1. Put a dot 7 Å past each Cα toward the Cβ at B:Asp143 and B:Ala245; how far apart are the dots in nm?
2. Compute the Cα gyration tensor for the range B:114-166, then decide on rounded, prolate or oblate, letting a ≥ b ≥ c be the square roots of its eigenvalues: rounded whenever a/c is under 1.5, prolate when a/b is larger than b/c in the other cases, and oblate in all that remain.
3. Before rounding to the nearest 500, sum -39500 (n - 2.57) across all DSSP H runs of length at least 4 in chain B and divide by the residue total; then give [θ] at 222 nm in deg cm²/dmol.
4. Using a Förster distance of 25 Å, how high is the FRET efficiency between B:Thr65 and B:Ser180, based on the Cβ-Cβ distance and rounded to 0.05?
5. For the pair A:Val39 and B:Ser10, how long in nm is the line joining their label points, each one 7 Å along Cα→Cβ?
6. Given a Förster distance of 30 angstrom, what is the FRET efficiency for B:Asp47 paired with B:Ala152, based on the Cβ-Cβ distance and rounded to 0.05?
7. If we sort B:128-140, A:8-20, A:49-61, B:40-52 on the protection proxy, mean other Cβ atoms within 10 Å, highest first, what's the order?
8. If you rank B:Thr201, A:Thr40, B:Thr160 by fewest surrounding Cβ atoms within 10 Å, what's the result?
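A short reminder: the numbers here are calculations on the coordinates, not readings from a lab. Values in this document were obtained by computation on a predicted structure and should not be read as measured data. Note that each Cβ is placed from the backbone with ideal geometry, even for glycine, and that neighbours are counted across all protein chains shown.
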Amino acid sequence: MPSSPGPTPVTPCTHNPLGVKGCGEAGAIGATAAVMNAVTDALGVKELAMPATSETVWNALRG
Amino acid sequence: MYRFNYHKASSLSEASQLRSGADDGVFLAGGMTLIPTMKQRLAAPTDVVDLAGIEGLNGIAVGDTVTIGAMTPHADVAASAAVRGAIPALADLAGRIGDAHVRNRGTIGGSIANSDPAADYPAAVVALNATVHTDRRDIAGGDFFVDLFETALEPGEIVTSVEFQIPARAAYAKFPNPASRYAIVGVMVAELDGAVRVGVTGAGPCAFRSAGLEAALAGGLSVAALDGVSVPDGNLNSDMHASAAYRAHLVAVMARRAVGQLAG
């Protein structure tokens, strides 16, 4: 398919002062942070790299 | 997928001839590994010899032992009342291989002949002291798996059936990959002829018996006997799914779960 440059329509949202809109994963992405906060809280560690696989959690448990 | 010649053999001897007459021939059982590998162009055989038309390779016979024909799909083993009566752990293992599609197409012969380190059946083959029958000879289960995707089978040799000893009791515990259901680690613990045998799959290059776990359980099948028992990780696999150290940990955990099933 050839590239097809064209105008980018700008339609600011009227329901907030910034005019921004959520898109894609906006509604879901908060859950990731919430779960990781819960995992780090449960393990007593400050940081844990996602994804929190069983091995990642096991390693964190072992210190 | 590259072009290849398809043959449907009607007898073992015809299958052997078709394969030996090809430049680069392979046998097709259920195709659960071969076909995806060919589609990804990781394998490019010139000739595929389908074993599905050969009579006598599909079926289950339960007597003093449990014999499963090489072309028997996993779903049949899982659903067999005779298998479940004789070796419940084997029916349980078969019922947890892959997904329903794989269980309806995949076969025990294809599974063990491939010696995929993450396949389930190999754990039972070594733990239950199985005999692998081929078109040429009998191979002891303990001698069958040689290395990663490597078995004792000679080029062109065809598995015809797998004969399992019936244990006094046995259990299979598995830590599956959440997507594929392949065993990241699978452990079968069996009490056979008065001895405890522990078959491990998923963890190493191919299925093996764990001498350390067997020694720990020699005094009796109790979870407490495994307290503090660790498994060396020196020869275990390390890949994107799990490190060798984590696999070693999982072997011990799966052994505890299997023994726990027997105790409970």
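1. So the two model labels end up 3.9 nm from each other.
2. Working: a/c = 1.89, a/b = 1.06, b/c = 1.78.
Judged from the Cα gyration tensor, the range B:114-166 comes out oblate (a/c at least 1.5, b/c at or above a/b).
3. Values: 11 runs with 86 residues, N = 264.
Estimated from H runs of four or more residues: -8500 deg cm²/dmol.
4. Working: r = 31 Å, r/R0 = 1.23.
Computed FRET efficiency for B:Thr65 and B:Ser180: 0.20.
5. The answer from the label model is 5.8 nm.
6. Numbers: r = 24 Å, r/R0 = 0.79.
Calculated transfer efficiency: 0.80.
7. Values: B:128-140: 18.6, A:8-20: 7.8, A:49-61: 13.9, B:40-52: 15.8.
Top of the packing list down: B:128-140, B:40-52, A:49-61, A:8-20.
8. On the way: B:Thr201 33, A:Thr40 15, B:Thr160 21.
Neighbour counts put them in this order, fewest first: A:Thr40, B:Thr160, B:Thr201.
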